[in-house]
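The structure under discussion appears below in the form of structure tokens.
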Amino acid sequence: MYNNYMNLKEELLDKGYSIIASNGYHSNDSGIKPVLMPMNNDIHFFKGLSVADRIIGKASAMLLVLSGVSYVYAHVLSEAGRQILEKYGIEYEYGELAEYIVNRKGDGMCPMEMTVKDIDDLEEAYAALKDKVASLAR
């Protein structure tokens, strides 16, 4: 559907999506939900796809790598997210590199980034993030 990364990046910004993938998937949801939700149905949902996302921290980066993404554009990318993409050889671009992803109140680290801060295993991160999202929904 998308023949180059620039179309994804432009559509992400022009249409105000939080995420868009080269298979046409897009979402306006915030946080990691737009990455996590399709993976709950098919863990390899992003396999071979290009993805453009407004904010990618370590949590989203780990999920996308686990799912098999091939390219990532992040409008804002955390340093820990960048390290994950580098470690797994995922091609990426970003608009702004941040020390870490800030929580919604703006007074600390995003809870998803905190959840995986000391986790290196992708499967372990996926399980921890699913648990965290479930606990926040209660």
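Tally time: how many residues in the stretch 58-90 are more than 17 Å from Phe45 (Cα to Cα) and of a type in the set (A, V, I, L, M)?
The qualifying residues number 6.
Consider Ser60 against the criteria (1) under 18 Å from Ala125 (Cα atoms); (2) of a type in the set (Ser, Thr, Tyr); (3) in contact with a Lys or Arg (Cβ under 8 Å, 6 or more places away or on another chain): it satisfies all of them except one. Which criterion is unmet?
For Ser60, the failing item is (3).
Find the residue count for the stretch 8-44, including only residues that are closer than 19 Å to Glu93 by Cα, among the small types (Gly, Ala, Ser) and part of a strand (DSSP E or B).
1
Given (1) closer than 20 Å to Thr115 by Cα; (2) within 11 Å of the chain's Cα centre (by Cα); (3) among the hydrophobic types (A, V, I, L, M, F, W, C), identify the lone condition not met by Ala52.
Ala52 satisfies all of (1) closer than 20 Å to Thr115 by Cα; (2) within 11 Å of the chain's Cα centre (by Cα); (3) among the hydrophobic types (A, V, I, L, M, F, W, C) except (1).
If only one of Tyr88, Tyr126, Tyr73, Tyr92 is over 13 Å from the mean Cα position of the chain (by Cα) and within 23 Å of Ile20 (Cα to Cα), which one is it?
After applying the criteria, what remains is Tyr88.
Go through the stretch 86-110 and give me each residue that's under 16 Å from Val65 (Cβ atoms) and exposed (fewer than 11 other Cβ atoms within 10 Å of the Cβ).
Gly89
Values quoted throughout were computed directly from the atomic coordinates according to the rules given, and no laboratory measurement underlies them. Keep in mind that this is a model prediction, so the values were computed, not measured. Cβ: placed from backbone, ideal geometry, glycine included. Neighbour counts: every protein chain shown.
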